[in-house]
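Comments concern the structure below.
We did not get these values from a lab; they are worked out from the coordinates using the rules stated. Everything numeric in this text was worked out from a predicted model, so none of it was measured. Virtual Cβ from ideal backbone geometry, glycine too; neighbours counted across all protein chains shown.
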Amino acid sequence: MYIPKQYRVDDPKVIHQFIREHGFATLVSCTENFPIATHIPIELETRADGETVLWGHLAKANEHWKFFERFPKVLAIFQSPVHHYISSSWYDHANAPTYNYMSVQVEGIIRRLSEAEEWESVKRLVRRYEQIATHPVDLETLPPAVQREMKGLVGFEIEIIKMNAAFKLSQNRDDKNFKLIVEALSRQDSIIAKELALIMEKHRAGE
């Protein structure tokens, strides 16, 4: 991923937190023809040996997993839903318009999980997302008929080789023009634009 220096994020803690907060990702693999991509939850996990990896699963009916062994080098893309067009009319000078966003790309080596690892992976995923429920369900206590649906899944682990993070939040603008951009976003009839303005201010303040 091309990242201008001023937008690059290198702090692993910041990148890991971003992945945790934006776990609905795009998994991209090579094939003999065109690349193949699947949109799925992918979780940052710590294995028993202390290594940080990515865990996820696909439906067995999805042919994507059949390319894991032949093409183990994959890309996982995590993107914030908060992004917005930046009009150059908001500046105090003539310039080109642009777009602000936050994205992380993880390059890694993928492998299928064992049956036990797959169970643990899905169990952790369910427990994490069920926290929003009034009466959360748990994989361990679901009826056997529901648990058997696990046989229709293919779990995977991605060994992390490289992480690239781009937070493009108008860092290249002076204080005056940065403030003009934030004010313009705040005036938009869009929750996303307003949220981006807040994120930009926090990032500028080093929060």
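Mind counting the residues in the range 162-182 that are in contact (Cβ under 8 Å) with a residue 60 or more places away in the chain and either exposed (fewer than 13 other Cβ atoms within 10 Å of the Cβ) or not in a loop (DSSP other than H, G, I, E, B) (or both)?
Total satisfying the criteria: 10.
Identify all residues within the range 183-207 that are part of a helix (DSSP H, G or I), touching a residue at least 40 places away in the same chain (Cβ under 8 Å) and of a type outside the set (Asp, Glu); write none if there are none.
Passing the criteria: Ala184, Leu185, Ile192, Ala193, Leu196, Ile199, Met200.
Output the number of residues of the range 54-68 satisfying the condition of being in contact (Cβ under 8 Å) with a residue 24 or more places away in the chain and surrounded by fewer than 17 Cβ atoms within 10 Å (Cβ to Cβ).
5
Residues of the range 101-116 being out of contact with any His (no Cβ under 6 Å at 6 or more places or on another chain), under 24 Å from Ala37 (Cα atoms) and either in contact (Cβ under 8 Å) with a residue 60 or more places away in the chain or among the aliphatic types (A, V, I, L, M) (or both), which ones?
Met102, Ser103, Val104, Gln105, Val106, Ile109, Ile110, Leu113 - these are the residues of the range 101-116 that are out of contact with any His (no Cβ under 6 Å at 6 or more places or on another chain), under 24 Å from Ala37 (Cα atoms) and either in contact (Cβ under 8 Å) with a residue 60 or more places away in the chain or among the aliphatic types (A, V, I, L, M) (or both).
Any chance you could count how many residues in the range 39-66 are of a type in the set (Phe, Trp, Tyr) and either closer than 20 Å to Gln79 by Cβ or in a strand (DSSP E or B) (or both)?
1
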